[in-house]
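So the structure is just underneath, and the comments pick up after that.
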Amino acid sequence: MKKLFALILVLLMLCACGAEEETVTEPPEIIEPGSNGPSEPVTEEPEEWPKVSIKNSGKFPAEETVFEDGSKIIRILDSEGNQIGVDYKSLRFLGETQLCQYAGEIDGKATRLFYDENGDPYYEEIDATFCYILDGNGYPVVDRAFESFYIAPGADITLRGISEGGLYDYCEENGKMNPVYFDEAFEEDWGSGFSHTGYFYNDGGAGSWRYGIKKNGEVLYNNIYTGILPYFGDRFMLWTERENGDNKSVIGDENGNIICDKFQSFGWNPVSEEKCIGTASVGKQERGEYAPTFDENGEPMPEGMWFIDKDGNILSERFEYIELIFDGNKEVPWVLDSKLVCVKAAKVTYENGETEIIDIAPYLLDY
């Protein structure tokens, strides 16, 4: 009996040892670098930005890319999937003419005219939207983006646009937009290191030209003036229209300084090729409204007319009126290949209403 019990005990121990050997596991499988391993699901990398295909006219596809900040770009594609034109931020349907079907909008910088608290003009560069005009297949009809434009179906000028200081006119003919008239921003030589500049501003309406002066390539007077005339080689008459529509005239020197602003209008007329005579007035303009002017002490200038020198300094008493008398048989060369008729005398009106033809010799200036 004891032998039987010992045999059973040995068998139980052997069974226990076998069970322990079955629970021993092999070392874990070594995963090669870069492998996802057997327990990790394989995933595809997402595209950087979501893209959706949109249809705008049924004639061409446009691919829209939306960015994390909410902005987007739109690319117009041809039948083979190639991009047409540039990246647009939006497309706008026009449907004005056979060629002018869409406006493809882009971001850009534009120079715009503003007015200060006194109503005087100045300009700044601002962020702006420019538009390419596109046909029904998404192709630009001209290779220029416009700050503003208008389309007139059937008119002699089908498309007029303002871009980078220029005015551009086109006519739709034979399936093309043909240029009719370009009036671009310019810089022309005035001699002695001076140049005359012009810029066409987009003001939300028809636009307007403004002018300036450079000296040896540096800006002397900004493009804010509605007109500029050179005198004496180093003096300029500059006038401009203010915000309320009235006019303001000043005299500027060769260093960009305004040296006289107390008159509403002034000018110099030749007496000979060597001599000229200058006049200035307040309240005597026959056309247009002028801004009020003030003397050196801040007092309003009285109405009247004066003889002046090239800096605007007064050389005479105040007259009610000065009428220059010209010699129709005597002309002299002037700027820009033009000629001026010479002055031979002056008729003045005094405060009491009396008139007199006077000797102008005391008021003559050297050119």
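The values are calculated or read from the model by the stated rules, or taken from the named source; none is laboratory data. Because the structure is predicted, anything quoted here is derived from the model rather than measured. Cβ placement follows ideal geometry from the backbone for every residue including glycine, while neighbour counts extend to all protein chains displayed. For accessibility, only protein heavy atoms count, side chains too; no ligands or nucleic acids. Shrake-Rupley method; radii C 1.70, N 1.55, O 1.52, S 1.80 Å.
If we count every other residue with Cβ under 15 angstrom of residue 275's Cβ, Lys/Arg +1 and Asp/Glu -1, where does the sum land? It works out to a net charge of -4. Apply 1/(1 + (r/R0)^6) to the Cβ-Cβ distance of residue 367 and residue 313, taking R0 = 22 Å, and write down the FRET efficiency to the nearest 0.05. Here the calculated transfer efficiency is 0.80. Taking 0.36 nm per residue of sequence separation and removing the Cα-Cα distance, the residue 323/residue 359 pair yields an extension gain of 11.7 nm. Cα centroids of region 261-333 and region 71-107: 56 Å apart. Of 208, 79, 71, the residue with the largest accessible area leads and the full order is 79, 71, 208 (1.4 Å probe). Sorting 86, 219 on solvent-accessible area from highest to lowest, probe radius 1.4 Å, gives 219, 86. Counting only Cβ charges, +1 for Lys and Arg and -1 for Asp and Glu, the dipole size of region 155-197 around its Cα centre is about 140 debye. Only protein heavy atoms count here; on that basis, with a 1.4 Å probe, residue 131 has an accessible area of about 10 Å².
Over 30 Å apart at the Cα level, from the set 310/330; 215/344; 176/215, are 215/344; 176/215. Amide hydrogen proximity for residue 293: with H placed 1.01 Å from N in the peptide plane, the residues at 5 or more positions away or on another chain lying under 5 Å are 301. Whole-Hz Karplus values for region 354-361 come out as 6, 10, 7, 8, 10, 6, 8, 4 Hz, taken residue by residue from phi with 6.51 cos²θ - 1.76 cosθ + 1.60 and θ = phi - 60°; glycine and proline positions read x.
Extension gain, residue 186-residue 115: 0.36 nm per intervening residue step, less the Cα-Cα distance, totals 23.2 nm.
Shown here: region 263-363, whose C-alpha atoms stretch 40, 33, 26 Å along the first, second and third principal axes, sorted largest to smallest. Near residue 354: Cβ cut-off under 12 Å, other residues only, Lys/Arg at +1 and Asp/Glu at -1. The net charge is -2. Entry note, region 148-238: relative contact order of 16 percent, from Cα contacts under 8 Å with a spacing of 6+ residues.
As a calculated quantity, the FRET efficiency between residue 222 and residue 79 at R0 = 35 Å, using C-beta atoms, amounts to about 0.10.
Report the relative contact order of region 165-295, percent, no decimals, based on alpha-carbon pairs under 8 angstrom and at least 6 residues apart.
Numbers: 257 pairs, mean separation 16.1, N = 131.
Reported relative contact order: 12 percent.
Counting only other residues whose beta carbon sits under 11 Å from that of residue 294, what net charge do I get with K and R as +1, D and E as -1? The answer is -3.
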